Structure formats: structure tokens, C-alpha cells
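Reading through the C-alpha cells given below for one structure.
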Amino acid sequence: MSVGLWTHWVAMHAVPKVFMSLQGRTGNPLGSLISSHGRGIDPYPLMEEIRRRGPLIRTPFVWATADHAVSREILRDKRFGVTPPNGMEMPRPLRILLDRTDPKVANPVEPPAMVIVDPPDHTRYRQLVAQSFTPRAIDKLDTRVAEVTAELIDRLAGTPQPDLIADFASALPVAMIAEILGLPAETHAQLLDWGHHGSPLLDIGIPWRTYRRAIAGLRGLDGFLTEHFDRVRAGGPDDNPFSRMAADHTLTDHELAANAALLIGAGFETTVNLIGNGIVLLLRNPDQLARLRENPDLWPGAVDEILRIHSPVQMTARTARCDVEVAGRRLPAGSMVAVLLGGANHDPRVFPEPARFDITRPNAREHLAFASGIHVCLGAALARIEGATALRALFDAYPDVRLTEDPRPRGLVNLHGYLKLPALLGTRRTEPAGLVC
Ligand code: HEM
């Protein structure tokens, strides 16, 4: 065990966990929310309490909002930047400890991953990575999503009691992200393993064992990506934008690995939850599923309603770059704001009866599940296609599918989804169910 790594965990997770738990016990709903890792609690009552206290509330070290208008405003306001871990407001000794013990491994949620850097670097990385998401690239991916989904549906037929997370919901996004990065199918299982172990890093206050496994996973991924890009360079550029970037050294190795790791993490640790949460919501709301069966044109709206009501990414953060006034509050430069996307998506002023799952909700697409502003999800179009295609194909092929156990949440604070969805498929419908959107 590395003492440096353990010390980093203490500074980054153990101390903040104690602090946030104490805050929670003294009545701060953000403290209760942030310190709930591993407990699988329902976050919405806490987010409602935050919204009830005001559109933008001050808590020790961090402001918080669960208000839709204020969240959107902050995400789009150029006076706010991202909040890298070493930029968080914290006591000075903790900062020194953190800086000295940084494990220095390509981390998808630390610079230079684009999601956690400000312009001008952000603009440069985003423009380069966006080459994998042009309308032409998305068209090609759309066809591949339909093909991979059809293969998975066939494979399910040979698995009478599948786990719909492992055998279906996670398999599609990982296959798509591997295609985007030009990685062969043999890597899927390893990528899933690294992603699964790495996703708790988005929470604060994770246990030491979880942290150690996550960092080991990141090291594995970092080494694997570095070797992969070296191989690509040796073999000459191919048709893949990431391979081209590796070949012509557009980005440094560290920049390339961090942004590829971000795509891997952001690409499947979120979409798996869109599909998994969608399965649970539709099985719990058979009237809504029946409407989709009658009118498949409703699928795109249903996907946005799933993203709204059970957002795979529950929160993000921004930091004021200068003194600003928002929602009538003065925030000094350096103030950090927890933007509670899940809470904003349940704001009753924008989404009346927010806890009601309604696939025809006229403004469901106004959700902030993909955030907003310059960091708005780069993979949103792909995620929507994957969600609609996978869910529609599953319910068309297996109309009697049902879960055999109560779904168990993963217990993460930020990434919301289920650990397993053991199911019985029932008889497969063999007649073609029509085109998949
Ligand atoms: C349902 C699925 C998904 C959800 C809910 C989701 C959510 C988000 C959110 C909330 C952000 C903004 C984070 C912030 O501002 O702090 C984001 C950024 C990002 N997402 Fe997604 N995402 C999903 C799928 C995907 C997919 C499939 C990909 C790629 C294949 C992807 C790639 C990215 C990238 C690269 C960014 C960073 C963009 C930037 O900083 O400019 N995401 N995503």
C-alpha cells in the first residue's frame, strides 16, 4: 500500500466525509446528500429541501442550487468555470496534503480531461474530440447501435434468466465507445471492469478499499491507452479521429489518455444507467409502456422523460471566476456551487408534478440531465439513440419481460443506476417489430 495514496484518500475522502456527515447531522441537507455514498438513499427529498430553502443557498465551503433556472444560468454563465479537485475551497493544510500526494494518473474527472478544464484548453480539446460526433459520424453510429442491439437481443435468447444490466444495458454503450476509440471487442470486459471500479470517484467520501481499486483501475486504463496509442502510431493513421490525433501528436500523451478515459467513463457509466433506469421505470408504469407499444413515435420523448425523472448524473459543480451576483446573492470570486441536476429536473415550477412519470410531458427535453452551456454532454445525441433503440428493442422482443428481484441501486451519490436487474424474459416475439428509431 502506498502511504502517499492513503494520505491522498484521507485528504480527499475521509476528512470531507466526516465534515459532510457532521453537517448533515446539524441539519444541512447538502451534507446529508454528499455523505450518503454507499447507502442508496432517495436524494429527491434532500434536493427538495435545498430548493425549499432558496434558489441558491450558502453552506460551509460550498453554495448549492436545485432550482432549474438558477442551475441553467450558472452552467451557461461564462463567469463560472469548472471546479477541479485542486481548485476546491478547503482548509489550507488539506490543500497542501492533496497537492503533495496526487497519484498523477490520467483521470477522466481531473484536468486535462475536457470536462474539468476551462477555455481556451477546453475549446481546443472539445473541437478535436467532437470530430467523433459529427452528424455523419452519428449516422454511422446509429446504424451500428441498431446492429449491436439486435445481436444483444439474440444473445439474450440464449440466457433465460439474464441480468439486464450486465447482459444488456452495459454491453451496448461499451461496444459503441470502443468503436469510437477504435478498440477491439476483446477489450470490452476489461473496459467495463475499469469503468465500474472508477465510477465511485465522482463521489466524495468513498471507502479506502473502493478508492484503492478505482485508482488501480485508472492506472490499468492509463497504461492500456498509452500502449494502444503507441501501437496506432506504429501502424500509421487509420480512419478513426482518435487514432489520427495519436498519430500526428495533436495532443500530448497525457491529454490524449485523459480525454479517451473521459469518453470511456462518460460514454458507458452514464448510458448503462439511462437504459437500466428506463427498464425499471417502464416496468413500474405499464400504462406508459402500453402507450409506447401503441405509438412507437413516442420513444424519443420517453427517453427524455427517463433522463429527467431519474437522471444518471445527479450533480456537477462550478466555481465563480470573479465576484458575481446570481439569484440575488453575492458570490465572491472562488465560490464553489454544487449544481444539483437531479434536483433541477424535479423543479415543480418547470415540471409540474415532477415525480409523475409521463412519457408525453411536453417539455421533458428541457431537463438538465446532460447539463448545459459549453460543457453540455458531447455524447447526448448518441446516448439518446442508444437509449431509445435498446429499450424499444428489448420490450418489442420480450413483451412479457419481468424483474425477478427488487432492483438494488448502485449506492453512488452522483451516478444513479442499478447494480443488477435479474429478469425472466418470457417468450420471444419473433415477428419483426418494425424499424428501430
Ligand atoms: C445518458 C447518458 C449520458 C448522460 C446523462 C451524460 C451526462 C453528462 C453531463 C451532465 C455532462 C456535463 C458535466 C459537467 O458539466 O460537469 C457530460 C459531459 C460530457 N459527456 Fe456525457 N452523458 C451521457 C452520455 C455520454 C456519452 C455516450 C458520451 C460519449 C460517447 C459522453 C461524453 C461526454 C463528454 C466528452 C463530456 C464533456 C463535455 C465537455 O466538457 O465539453 N456522454 N455528460
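Since every read-out is calculated from the coordinates, none of them should be taken as a lab result. Since the structure is predicted, the reported quantities are computational estimates derived from the model, not experimental observations. All Cβ positions, even for glycine, are placed from backbone atoms using ideal geometry, and neighbour counts span all protein chains on display.
Semi-axis lengths, largest first, of the ellipsoid equivalent to segment 110-200 are 29, 18, 10 Å, with √(5λ) applied to each eigenvalue of the Cα gyration tensor. Note on segment 355-437: Cα Rg divided by 2.2 N^0.38 Å, N the number of residues, gives 1.35.
The trypsin sites (Lys or Arg not before Pro) of segment 355-437 meeting both criteria, a DSSP state outside H, G, I, E and B (loop) and at most 11 other C-beta atoms within 10 angstrom of the site's C-beta, are 356.
If you take the square roots of the eigenvalues of the alpha-carbon gyration tensor of the chain and sort them as a ≥ b ≥ c, do you get rounded (a/c under 1.5), prolate (a/b over b/c) or oblate? Oblate.
If you plug the beta carbon distance of residue 134 and residue 3 into 1/(1 + (r/R0)^6) with R0 = 51 Å, you get a FRET efficiency near 0.60. Restrict the search to segment 304-347; then list the trypsin sites (Lys or Arg not before Pro) that DSSP places in a loop and that have at most 15 other Cβ atoms within 10 Å of their Cβ. Answer by residue number: 321. A helix-only calculation puts the chain at -15000 deg cm²/dmol for mean residue ellipticity at 222 nm, using -39500 (n - 2.57) for each DSSP H run of at least four residues, averaged over all residues. Counting Lys and Arg as +1 and Asp and Glu as -1, what is the net charge of the other residues whose Cβ lies under 13 Å from the Cβ of residue 373? So the environment of residue 373 carries a net charge of +3.
For segment 265-315 and segment 113-189, what is the separation of their C-alpha centers, rounded to whole Å? Taking the Cα centre of each part, segment 265-315 and segment 113-189 sit 17 Å apart. A DSSP coil position with no more than 11 other Cβ atoms inside 10 Å describes the following trypsin sites (Lys or Arg not before Pro) in segment 21-89: 39, 78. Cross-link partners of residue 17 among lysines, defined as those whose alpha carbon lies under 24 angstrom from its own and excluding same-chain residues fewer than eight positions apart: 104.
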